[in-house]
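**Q** Below you will find the structure I want to go over with you.
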Amino acid sequence: MVKVLFFLLLVFGIMFYPLIISGNVNYKSSVKVKPKKVADVTLENGKFFIYNNELEKKGDFKVLDIYKKGYVAFYLNAFDVIKNEKYRSYKTVFKNKYITGYDVWYKNKDIELKTKKAIYNKDTKILNGGKFELYSQDFRGFGGSFKIDNKKDLYAENITYYIKVEK
């Protein structure tokens, strides 16, 4: 009988020991640091926001794959708040200073452009591409290749366009 009581006391002692000791332990509290500036890029629930002291670009994506040397976004929709431009792409590859888009749609206040592949250089701020379709309020056309510089000037090769004329 004494052995059974000793065994039960030992089992209950082992069970309640952590509860008794936990009241005396002081855990270190975490220190909260307030950021001094807004993060450059914010990603949440398939949406992104790019800041440069203010909201510069916003948009959404369905899939984002992150790799060591870049990342790939599928079904990317972006809106440049400052320049009032819209971008849409089926697949976008961000690698170093180049952004490559496949099945790209681009629209600013003057033109709407569609192409199968476009490459944007972040340093020179030039958008290059192959075969394209171009739409505007005054004309529409298509061509072999194009280049849009940072002043939004369009340079195209082998372009065929139709001017809209009122009758």
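**Q** Taking the stretch 104-150 on its own, how many of its residues are among the aromatic types (F, W, Y) and either under 24 Å from the mean Cα position of the chain (by Cα) or not in a strand (DSSP E or B) (or both)?
**A** Number of matching residues: 3.
**Q** Among the residues of the stretch 115-134, which ones are exposed (fewer than 13 other Cβ atoms within 10 Å of the Cβ) and in contact with an Asp or Glu (Cβ under 9 Å, 6 or more places away or on another chain)?
**A** If the condition is that a residue be exposed (fewer than 13 other Cβ atoms within 10 Å of the Cβ) and in contact with an Asp or Glu (Cβ under 9 Å, 6 or more places away or on another chain), then T124, K125 are the ones that fit.
**Q** Search the stretch 151-166 for residues being in contact with a Gly (Cβ under 7 Å, 6 or more places away or on another chain) and either of a type in the set (A, V, I, L, M) or not in a strand (DSSP E or B) (or both), and hand back the single one that is surrounded by the most Cβ atoms within 10 Å (Cβ to Cβ).
**A** A156
**Q** Okay, next question. May I ask you to list pairs of residues, at least six apart or on different chains, whose Cβ atoms are under 6 Å apart, with the first in the stretch 119-147 being without any contact (Cβ under 8 Å) to a residue 12 or more places away in the chain and the second being surrounded by 14 or more Cβ atoms within 10 Å (Cβ to Cβ) and not aromatic (F, W, Y)?
**A** That search, which allows pairs on different chains as well, returns nothing.
**Q** List the pairs whose first member sits in the stretch 64-92 and is within 24 Å of E54 (Cα to Cα), whose second member is among the polar types (S, T, N, Q) and part of a strand (DSSP E or B), and whose Cβ atoms are under 6 Å apart, counting only residues at least 6 apart or on separate chains?
**A** A73/T92; L76/S89; L76/T92; R88/N77
Since every read-out is calculated from the coordinates, none of them should be taken as a lab result. All of these numbers come straight from a predicted model, not from anything done at the bench. All Cβ positions, glycine included, derive from the backbone under ideal geometry; neighbour counts span all protein chains shown.
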